[in-house]
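Scroll down for the structure; my scribbles are underneath it.
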Amino acid sequence: MTVTGQDTDAIRVLRGLEDGRSSVRLRAALAAGTTPDTRFVGKLVERSAVEPEFFVRDMLTWALTRHPVPLTLPELLREVRSGRGQARSQALHTLSKIGDRQAWPVISRALLSDADDEVARSAWRAAVVLVPKGEEPALATVLAGQLGRGGRETQLSLSRALIALGEVAGPALLAATTAVDPSVRAHALATQRLSRDPDAGFGFAIEEAKRVVALGGSGQEGK
C-alpha cells in the first residue's frame with residue numbers, strides 16, 4: 001500500500017495528539033481542525049475525555065466543530081452517556097459549540113441535575129443552545145430546580161443559562177424567590193438582578209440577595 005503525503009500528515013497529527021508535551025498536542029489539534037480528516041474524529045473525542053490542559057481541550061473542541069456533523073454527533077452522544085465526568089462535560093461543551101438540535105434528546109432531566117458540577121454546568125450551557133422552540137419554559141423550570149446549588153462558579157453558570165433563556169425564565173425565577181431554602185431564594189434574586197443589570201456582577205448581586213433574604217424578604221415587595 002502506497003503511503004501518501006496526506007497519510008503522513010494524518011499520522012503526524014494523530015501521534016501529536018498523544019504527545020506528552022501540551023504544546024505539541026495543541027499544535028496537533030490546530031492541524032486537525034485546519035485540515036479536517038475523518039480519521040481524526042475518534043481520536044479528537046477520545047483525547048477530549050482525558051486532556052488535562054484547558055487550552056488544548058478548547059482547541060480539540062474547535063477541531064471537532066470543523067468536521068462533518070454526521071461523523072461527530074454519534075461519537076459525542078456516546079461520550080455524553082459514558083461514565084467519565086470529563087468525557088461527558090467535554091462532549092456536552094462540544095455539542096453546544098456545534099449547535100445541532102439533533103442532540104437535544106440526550107439532554108435529560110437527570111443530566112441537568114447531574115451530581116458532577118462540571119457535567120451539570122456543561123449540560124446547562126448545551127441545553128440553552130439546543131432547546132427546541134416551545135420547550136424553553138419547561139427547561140427554565142428544570143434549571144430553576146438547581147438554584148442554590150454548588151459554589152460561586154456553578155451558581156454563576158446556572159444564572160447565565162437562565163438569563164440566556166430570556167423572559168420565559170421569569171415565572172420559574174419568581175417562584176424560586178419564595179422557596180423555603182434561603183440559598184435558593186438568594187440565587188433566584190441574584191439571577192433576577194443580573195438579568196436586569198448585567199453590569200452589576202454576580203458577586204455583588206449574590207451578596208445583595210443574601211442580605212435581602214437575611215432580612216426576611218423575597219425582593220418582590222413593592223413590585
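The values are calculated or read from the model by the stated rules, or taken from the named source; none is laboratory data. Quick caveat, the model's predicted, so the values are computed rather than measured. Counting neighbours? That spans all protein chains shown, and the Cβs are built from the backbone with ideal geometry, glycine included.
Tabulated data for the structure shown
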{"item": "Candidates Leu44, Leu60, Leu73, filtered to the one that is at pLDDT 95 or above, closer than 18 Å to Ala123 by Cα, in a helix (DSSP H, G or I) and not acidic (Asp, Glu)", "result": "Leu73"}
{"item": "Output for the range 24-61, where each listed residue is closer than 20 Å to Arg88 by Cβ and exposed (fewer than 15 other Cβ atoms within 10 Å of the Cβ)", "result": "Gly42, Val50, Pro52, Glu53, Phe54"}
{"item": "Test: residue in the range 57-73 that is over 20 Å from Ala103 (Cα atoms) and of a type in the set (Val, Ile, Thr)", "result": "no"}
{"item": "Matching entry among Ala63, Ala28 (being farther than 16 Å from Val129 by Cβ and either over 23 Å from the mean Cα position of the chain (by Cα) or polar (S, T, N, Q) (or both))", "result": "Ala28"}
{"item": "Leading residue by the ranking (surrounded by the fewest Cβ atoms within 10 Å (Cβ to Cβ)) among those in the range 86-144 that are assigned to a helix (DSSP H, G or I) and basic (Lys, Arg)", "result": "Arg109"}
{"item": "Residue under evaluation Gly150, criteria (1) touching a helix residue (DSSP H, G or I) at 6+ places or on another chain (Cβ under 9 Å); (2) assigned to a helix (DSSP H, G or I); (3) of a type in the set (Gly, Ala, Ser), criterion not met", "result": "(2)"}
{"item": "Some residue of the range 14-24 being modelled with pLDDT under 95, within 24 Å of Arg84 (Cα to Cα) and small (Gly, Ala, Ser)", "result": "yes"}
